[in-house]
Each structure stands twice: as structure tokens, then as C-alpha cells.
Amino acid sequence: MPFGFSGRQVTKIGVVGAGQIGPDIALFLAEALQRHGVPVTLVDTDEAALGRARTRTDSVRARMSASVV
């Protein structure tokens, strides 16, 4: 089921910045648009920030999965 917004079809989303808020925004959008098949990509020039973001989002997703059971 495609996702439309303001008369346009959304096929992918990019979030720029893996600092304090970027990973949370990316995770929220990924969860919200998962059923529509819209991929969300988080980018940053700092590899260390991306590593911290990955750890953080993996942790949040694990907690969410555990609470659904």
C-alpha cells in the first residue's frame, strides 16, 4: 500500500544527522512507514555518530519487540 503526502507518493526517506535527534526521527519514521514499504536511511559524515545511532536504534527496537510479546 503506497504512502502519499501532499499529493505526492513517498518512496523513500532520508534523515540527515545522527546526533541527538536524528536517530529518533529515523526510527519513528521507519516504524510509522514500515507497513507502506517506505525505506528510511540515516546519514552522517561522522562514522562514530552513525555507530552510536545504530546501537541506540537497535536497543530501542529490541525493547519495543520485547514489550509486544
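So the values come out like this:
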quantity	calculated
Considering residues of the stretch 36-49 that are more than 13 Å from the chain's Cα centre (by Cα) and more than 15 Å from GLY14 (Cβ to Cβ) only, the residue most open to solvent (accessible area, probe 1.4 Å)	GLU47
Boolean, ARG52 is part of a helix (DSSP H, G or I), surrounded by 11 or more Cβ atoms within 10 Å (Cβ to Cβ), at pLDDT below 95 and of a type outside the set (Phe, Trp, Tyr)	no
Tally, over the stretch 12-23, of residues that are of a type outside the set (Val, Ile, Thr), in contact (Cβ under 8 Å) with a residue 12 or more places away in the chain and open to solvent by 70 Å² or more (accessible area, probe 1.4 Å)	1
Leading residue by the ranking (modelled with the lowest pLDDT) among those in the stretch 57-69 that are within 14 Å of GLU31 (Cβ to Cβ) and not aliphatic (A, V, I, L, M)	SER67
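The values are calculated or read from the model by the stated rules, or taken from the named source; none is laboratory data. If you're wondering where the values come from, they're calculated on a predicted model, not measured in any experiment. Ideal geometry is used to build each Cβ from the backbone, glycine not excepted, and the neighbour counts take in all protein chains shown. Just the protein is used for accessible areas: all its heavy atoms, side chains included, with ligands, DNA and RNA removed. Shrake-Rupley method; radii C 1.70, N 1.55, O 1.52, S 1.80 Å.
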